[in-house]
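Here is the structure we will look at.
Throughout, read-outs are computed from the coordinates displayed, never taken from laboratory work. It should be emphasised that the depicted structure is a prediction, and the values quoted were computed from it without experimental measurement. Here the Cβ positions follow ideal geometry from the backbone for every residue, glycine too, while neighbour counts run over all protein chains shown.
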Amino acid sequence: QKEVEQNSGPLSVPEGAIASLNCTYSDRVSQSFFWYRQYSGKSPELIMSIYSNGDKEDGRFTAQLNKASQYVSLLIRDSQPSDSATYLCAVNSASGGSYIPTFGRGTSLIVHP
Amino acid sequence: ETGVTQTPRHLVMGMTNKKSLKCEQHLGHNAMYWYKQSAKKPLELMFVYNFKEQTENNSVPSRFSPECPNSSHLFLHLHTLQPEDSALYLCASSQDIVLADTTGELFFGEGSRLTVL
């Protein structure tokens with residue numbers, strides 16, 4: 001059973017701070033990793049993808065991947081109240097020749113003014 | 001607007017009713033998915049279709065019946081559901097399911113909120 005673990009939170013940070021969201025996964029041969037943002041009452045939307053060890057930056061977002069530790073994180077710099085949402089980690093692993101993403105249960109982030 | 005459209009957005013049905021959820025994608029993708037999202041639970045994969053062929057059935061009860069007539073349309077037929085089936089049903093699409101990099105890049109519809117009385 002492939003598992004993706006996230007702390008459900010809520011994670012509360014003040015406006016302007018760095019929010020750090022973490023995710024661990026069980027399948028050692030996982031190859032690609034994704035972060036989705038889901039606002040309340042809305043569907044998930046992809047915000048970051050990362051495929052190799054290290055950091056990947058996109059605007060205020062940085063994804064970090066450590067395959068040896070089976071750990072992926074998302075940093076949000078200069079957090080804004082509009083960043084308040086649930087962040088879902090998804091991990092792609094091979095299954096019978098195809099790749100189907102497995103999702104964590106998400107971390108709720110609250111950015112307060 | 002993600003290019004994936006789901007209808008209806010809200011559905012209330014009794015346990016003896018038969019209804020269907022519809023999903024259409026305008027992205028030219030080859031793979032389509034049904035996910036179930038319940039409160040406090042991870043997204044649960046239900047079905048995957050690639051080039052309109054079913055590739056995954058994640059031990060879903062037979063009261064849920066998928067149909068994929070072509071790569072752009074996906075249906076979920078519902079009959080004799082239970083109250084615990086009440087949830088948000090999300091349709092998604094991706095370019096395909098055979099490339100590790102792009103397969104996890106899912107585009108979701110707005111979802112169909114189902115309530116079973």
Quiz item: Among the trypsin sites (Lys or Arg not before Pro) within region B:24-117, which fall in a DSSP loop and have no more than 12 other Cβ atoms within 10 Å of their own Cβ?
Solution: B:K40
Exercise. Kindly put B:D96, A:D55, B:D85 in sequence by how many other C-beta atoms sit within 10 Å of each C-beta, fewest to most.
Key: A:D55, B:D96, B:D85
Exercise. No other cysteine beta carbon under 4.7 Å away is the test; run it over the protein assembly as shown and list who passes.
Key: B:C68
Self-check item: When the protein assembly as shown is reduced to its Cα atoms, the Kirkwood hydrodynamic radius in Å
Solution: 18.1
Quiz item: Based on the inverse mean of 1/r over its pairs of different Cα atoms, what is the Kirkwood hydrodynamic radius of region B:28-89, in Å?
Solution: 12.3
Practice problem: Please list, or write none, the lysines whose alpha carbon is within less than 27 Å of the alpha carbon of B:K36, excluding same-chain residues fewer than 8 places away. | Solution: A:K2, A:K42, B:K18, B:K19, B:K22, B:K52
Self-check item: Cα principal axis extents for chain A, largest first, Å
Solution: 47, 30, 20
Self-check item: For B:E1, A:E45, B:E56, order by how many other beta-carbon atoms lie within 10 Å, fewest first
Solution: B:E1, A:E45, B:E56
Practice problem: May I ask for the equivalent-ellipsoid semi-axes of chain B, computed as the square root of five times each C-alpha gyration tensor eigenvalue and listed largest first in whole Å? | Solution: 23, 14, 14
Exercise. Just the number, please: Stokes-Einstein D of region B:75-117 in µm²/s, Kirkwood Rh from C-alpha pairs, 25 °C, 0.890 mPa s.
Key: 199
Self-check item: Residue-averaged beta-carbon neighbours from other chains (10 angstrom radius) around A:98-109
Solution: 6
Quiz item: If you put +1 on each Lys and Arg Cβ and -1 on each Asp and Glu Cβ, how big is the dipole of the protein assembly as shown around its Cα centre, in Debye rounded to 20?
Solution: 580
Quiz item: Mind checking the mean number of beta-carbon atoms from other chains within 10 Å of the Cβ atoms in A:43-55?
Solution: 3
Quiz item: What list do you get for B:S93, A:S30, A:S93 if you sort them by fewest beta carbons within 10 Å?
Solution: A:S93, A:S30, B:S93
Self-check item: Shielding by partners, peptide B:31-41 (average Cβ within 10 angstrom, other chains)
Solution: 2
Quiz item: Using just the C-alpha positions of region A:53-113 as equal point scatterers, what log10 of I(q)/I(0) does the Debye formula give at each q in 0.18, 0.22 1/Å?
Solution: -0.79, -1.03
